[in-house]
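The values are calculated or read from the model by the stated rules, or taken from the named source; none is laboratory data. Owing to the predicted nature of the structure, the values given are computational and were not obtained by experimental measurement. Counting neighbours? That spans all protein chains shown, and the Cβs are built from the backbone with ideal geometry, glycine included.
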Amino acid sequence: MKVLLIEDDAAIAELLRQSLTAQHYLVEVAADGQEGWDFAEAFAYDLILLDLMLPKLNGIHFCQRLRHEGDRRSQLLNHSTPILLMTAEDVSSHRVAGLDAGADDYIVKPFALDELLARVRALLRRGSVERSPLLQWGQLQLDPSACQASYNSQPFHLSSKEYSLLELFLRHPQRIFSHGTLVEQLWALENTPTENAVRAQIKGLRKRLKEVGVEDWLETVYGLGYRLKESGGVRDATEVEKGEVVSSEQPALPQPHPSPINTFWEEYRSQYCDRLSIIEQAIAALQTQTLSETLRQQAQREAHTLKGSLGLFNLDDASELSRQLEQLLKTDPLGPLQQAQLAALVSRLRQSIEQPLPQTASKPTARLVSSNASSPSFVLLQRSQLLLVDDDAQLLNIVQAMLQPWGFQIVLLSRAQQFWGTLEEVKPDLLLLDIEMSEVNGIDLCQAIRNDSRWDDLPILMISANNEDETIQRVFMAGADDYVSKPIRTAELVARVIRRLEHAMVVKKLRGLEQ
């Protein structure tokens, strides 16, 4: 299951990422609302874990935009994906606003990680039979809530990636998964494996299941990918009551060793001290009557972040001090009494942050999962040839730098009058074409390409700084397959290129089978 985590506090984001990863979720992390939106437009997710107070695009506006855009654009990814909001604001009006904006659930910081994980599981089960508590193929059973696989009621161990592969096939028994789709569903963007590595995981899962007695459960669809066989009788185990123990002798799967919360704290303590320094600057400016509204609002935001984050490190007193600071900073006017209170609170908070963490942590800690990360090399498509056409040489170089780490073969063209000759020579697998060029209009050129039967199947991705609806409509009417707006973001561009290439490959395979 793929989760998008949008959280601007790096320490909390890492804590949550590792906790979710330990439960076999694939987690992508965005550090602000706009980056999260870019990911949500480019990739499909099973759940979005969203902080309320975010830079660039806050959680409320993110929810509203995703649900509203989904109503207008049925093809928008994630328009119905469950959203779990996180915030330090324990006020009913904020909860109501979040739920009205389109969120499905709400959790208040600081929270216990066990509660968060339970809410995540509940949201993933909600709304479809496909997300029932247990998944089965004959006597092969998988319990996502316990991360446990068993055959004939006997539990057995799988590696993290083998577990994720099995879960994906059981959740989508009728779907054919190509190598590219498996990569997108089960690997993070920065850890994309080679095609051989994906095959090795499939082979390893087959071997492990064969060892416990499961054979002939996965079929290879020639040229397209893999699919779960129907003969196993895939069914949803909705009749199993929540919390029922299927076998009294089932031990839990081996869990990774817990990560001491002190490790996270020591790594990120300086960042929290920096946040506190901004509050101290605001108080110093207040005492000299030079406090600007901008600095005051910034100090409020930092106090808000500290309030929600410090409690997760078992610094409950520090979290409470931060809450009091936030409330005082909202007071208007800030008289001598409030100034004295602010100075006392910030001094106590500084002492609390700088002292060692308590050694007896009562709250659940994250679990560490080792990762064999490889360099971004999308070998499945690395032989794909891309032709980039733009009269802005600097932009060409930037786009080339974005795409080259993925192993594509890239040809740059800045002179539009050389286009047709270059197209014949290169015969690209995908064309990236700017709209606004001095010598030719990209939309007109796209139309001319589509009028040539030799290039009917060439994927065309248009690039422009113009986001008006009329322009976008003209782009698709001219025959383009996709559209990327400037400024170009790497994650979005790579995702769209991969999607178009993979789609073109599947179409060619299907046509070959038909012939």
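Summary of values
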| item | result |
| --- | --- |
| Verdict on I449 being modelled with pLDDT of 85 or more, under 33 Å from the mean Cα position of the chain (by Cα), surrounded by 17 or more Cβ atoms within 10 Å (Cβ to Cβ) and outside any loop (DSSP other than H, G, I, E, B) | no |
| All strands (runs of 3 or more DSSP E) inside segment 70-187 with 1 or more residues being at pLDDT 75 or above, closer than 22 Å to K207 by Cβ and touching a helix residue (DSSP H, G or I) at 6+ places or on another chain (Cβ under 9 Å) | 135-137, 140-143, 148-151, 154-156 |
| Residue that is farthest from G180 (Cα to Cα), among those in segment 394-415 that are aliphatic (A, V, I, L, M) and either in a strand (DSSP E or B) or in contact with a Ser or Thr (Cβ under 8 Å, 6 or more places away or on another chain) (or both) | L413 |
| First in segment 137-150 and surrounded by 19 or more Cβ atoms within 10 Å (Cβ to Cβ), second anywhere and outside any loop (DSSP other than H, G, I, E, B) and among the basic types (K, R), Cβ under 8 Å, 6 or more apart | P144/R121 |
| Any hit, segment 250-263, residues being assigned to a loop (DSSP other than H, G, I, E, B), among the polar types (S, T, N, Q), closer than 17 Å to S159 by Cα and modelled with pLDDT under 75 | yes |
| Leading residue by the ranking (surrounded by the fewest Cβ atoms within 10 Å (Cβ to Cβ)) among those in segment 427-446 that are among the aliphatic types (A, V, I, L, M) and closer than 12 Å to D390 by Cβ | V440 |
| Hey, L501 touching an Asp or Glu at 6+ places or on another chain (Cβ under 7 Å), under 20 Å from F39 (Cα atoms) and in the same structural domain as D392 (by TED's automatic domain parsing) or not | yes |
| Selection from segment 433-446 of residues that are modelled with pLDDT of 90 or more and assigned to a strand (DSSP E or B) | L433 |
| Of all residues in segment 452-475 being polar (S, T, N, Q) and over 17 Å from V494 (Cα atoms), the one that is surrounded by the most Cβ atoms within 10 Å (Cβ to Cβ) | T471 |
| All positions within segment 18-49 that are over 8 Å from the mean Cα position of the chain (by Cα) and among the β-branched types (V, I, T) | T21 |
| Matching option when the condition is modelled with pLDDT of 90 or more and within 15 Å of V399 (Cα to Cα), among L423, L430, L493 | L430 |
| Answer residue from segment 3-19, given it is out of contact with any helix residue (DSSP H, G or I) (no Cβ under 7 Å at 6 or more places or on another chain) and of a type in the set (A, V, I, L, M) and is farthest from D482 (Cα to Cα) among those | L16 |
| Any pair with Cβ under 7 angstrom, 6 or more apart, that starts in segment 50-71 at a residue that is of a type in the set (S, T, N, Q) and ends at one that is assigned to a loop (DSSP other than H, G, I, E, B) | N58/L52; Q64/A101; Q64/G102 |
| Close pairs from segment 265-291: first surrounded by 14 or more Cβ atoms within 10 Å (Cβ to Cβ), partner of a type in the set (K, R), Cβ under 7 Å, at least 6 apart | L276/R350; A282/R296 |
| Subset of segment 341-358 [at pLDDT 90 or above and hydroxyl-bearing (S, T, Y)] | S347 |
| Single unsatisfied condition, R206 versus (1) part of a helix (DSSP H, G or I); (2) at positive phi; (3) not hydrophobic (A, V, I, L, M, F, W, C) | (2) |
| Every residue from segment 18-45 that is of a type outside the set (S, T, Y), outside any strand (DSSP E or B) and over 21 Å from Q64 (Cβ atoms) | Q18, L20, A22, Q23, H24 |
